[in-house]
Amino acid sequence: MNPALETIKFSEPLRDVRLVDARERERRFAGQLDEAYERGMLDGERKLSEQLVNQRSEILDLKNGVLNSLTQTLPNVINECQDSLVALALQVAEKLVAGLPISVEMVEASIREALAQMEEATSYTVQINPADLQLLDQYASPLRQSAQADGIELQASPDISRGGCVVQSRFGVVDAQRATKMALLQKSMQS
């Protein structure tokens, strides 16, 4: 049987049923389509607006996190830079001092500086490198000549580095070697 010619049976009679012509049906369909399109556009705009607000919030949180991180990191970077600069300056100073030739004036200055740090005593023993003692003798250093008269005994010691000295008295010891001075300088700069 042809389905288009089949009889449709309803359980109740139909009321307010009218035939709609094709143009009326198209207008209704077009109106429904326009309404659905508008609802879809409004819904899409609303969802997009919500997404933009959420993204702005996330970006603002991210920006604040980065700023807080930088704020906390910056003092550490400054401290690390300062420490690096101090270490670099000490290395440069050590290389400059190590490259200086040892002179009579330098040895005398080292001994005078070490003696100035000592308490008053009647006798001192000053240990210097054998090459430095030979240098003082070679140039007839006034310090070498007046040492015995002032109660200062100059001794050669291979344990003492060139240009430095160690002074001993009954009150204690002063180590005025270059390496010791550099270590003390480095320690004071790091504190």
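So the values come out like this:
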{"read-out": "Partner lysines for Lys95 [C-alpha distance under 29 Å; skip if fewer than 8 residues away on the same chain]", "value": "Lys181, Lys187"}
{"read-out": "Mean shadow area of segment 22-99, taken as a quarter of the surface of its Cα convex hull (nm²)", "value": "8.9"}
{"read-out": "Ordering of 177-188, 47-58, 88-99 by packing [mean C-beta count within 10 Å, highest first]", "value": "177-188, 88-99, 47-58"}
{"read-out": "Kirkwood estimate for segment 113-161, i.e. one over the average of 1/r between Cα atoms, Å", "value": "11.4"}
{"read-out": "Straight-distance crosslink candidates among lysines, where the alpha carbon sits under 27 Å from Lys47 and sequence neighbours closer than 8 are dropped", "value": "Lys63"}
{"read-out": "At q = 0.15, 0.20, 0.25, 0.26 Å⁻¹, base-10 log of I(q)/I(0) for segment 88-145 (Debye sum, equal scatterers on each alpha carbon)", "value": "-0.56, -0.85, -1.06, -1.10"}
{"read-out": "Relative pair counts by distance (%), Cα atoms of segment 10-144, 10 Å bins", "value": "8, 13, 12, 9, 8, 7, 7, 7, 6, 5, 5, 4, 5, 2, 0"}
{"read-out": "Neighbour-count order for Ile152, Ile78, Ile160, Ile8, fewest beta carbons within 10 angstrom listed first", "value": "Ile8, Ile78, Ile152, Ile160"}
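Laboratory data are not the source of any read-out in this text; all were calculated from the coordinates shown. On a predicted model such as this, the values are computed, not experimentally measured, just so you know. Heads up, the Cβs are rebuilt from the backbone with ideal geometry, glycines too, and the neighbour counts pull from every protein chain shown.
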